[in-house]
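Chemist: Just passing along the structure, written as structure tokens.
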Amino acid sequence: MTTQPPAETTTDEATPALRGPLRRFRVAAMVTGFGLLGLVVVMVIRYGFDNPAPSAVYSPIHGVIYMIYLALAIDLGLKARWSMPGTVLVLLAGCVPFVSFIAERKVTHRVLAGERL
């Protein structure tokens, strides 16, 4: 009797229940990352050039973007059964410029591999 090697799993086969939450998280992580970079620019304008106007407009927008990121990260974390420390680290990744991009890649690889955080 011959056995066949295991079939390659694709994203659709590996985690069908997590496909939607993962996609939403990835978009939110990217938007949050670019939003943080925009916030850095606005803060430089505010404190470096003594112009608070852009910050007054952009800071609340950034706050809403981050709250959406938090909600979508928690949603994915609950569905993927992440540990509490792993979830907290992913949530904090949205606070530091460029780290949300790194976290998005690591989360995507782990979720697709069926690993927990």
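Derivation of every value follows stated rules applied to the coordinates shown; laboratory data play no part. Bear in mind that the values here come from a model prediction, so they are computed numbers and not experimental data. Every residue, glycine among them, receives a Cβ derived from its backbone with ideal geometry; neighbour counts consider all protein chains shown.
Chemist: Could you work out how far apart the two model spin labels at R116 and V96 are, taking each label as a point 7 Å from the Cα in the direction of the beta carbon, and quote it in nm?
Modeler: 2.5
Chemist: When D75, D50 are ordered from fewest to most other Cβ atoms inside 10 Å of their Cβ, what list results?
Modeler: Ordered by Cβ neighbours within 10 Å, fewest first: D50, D75.
Chemist: Within a 10 angstrom radius of the beta carbon, how do V27, V40 rank from fewest other beta carbons to most?
Modeler: Values: V27 14, V40 11.
Neighbour counts put them in this order, fewest first: V40, V27.
Chemist: Taking the beta-carbon count within 10 Å as an exposure proxy, list T108, T32 from fewest neighbours to most.
Modeler: Numbers: T108 16, T32 26.
So the ranking, lowest neighbour count to highest, is T108, T32.
Chemist: Quick one: putting +1 on the C-beta of Lys and Arg, -1 on the C-beta of Asp and Glu, what dipole do you get for the chain around its Cα centre, in Debye to the nearest 20?
Modeler: Here the size comes out at about 140 debye.
Chemist: Given an 8 Å cut-off on Cα distances and at least 6 residues of separation, report the relative contact order of the chain as a percent.
Modeler: It rounds to 36 percent for the chain.
Chemist: Can you pull a Stokes-Einstein diffusion coefficient for region 17-113 at 25 °C (0.890 mPa s), Rh from Kirkwood over Cα pairs, as a whole number of µm²/s? Let's see the in-between values first.
Modeler: Values: Rh = 13.9 Å.
Rounded to a whole number, D works out at 177 µm²/s.
Chemist: How far, in nm, would the chain grow between R105 and F34 when pulled straight, counting 0.36 nm per residue and subtracting the alpha carbon separation?
Modeler: This chain segment gains 24.1 nm when fully extended.
Chemist: Quick one: if you stick a label point 7 Å off each Cα along the C-beta vector at V44 and V64, how many nm between them?
Modeler: With each label placed 7 Å out from Cα toward Cβ, I get 2.6 nm.
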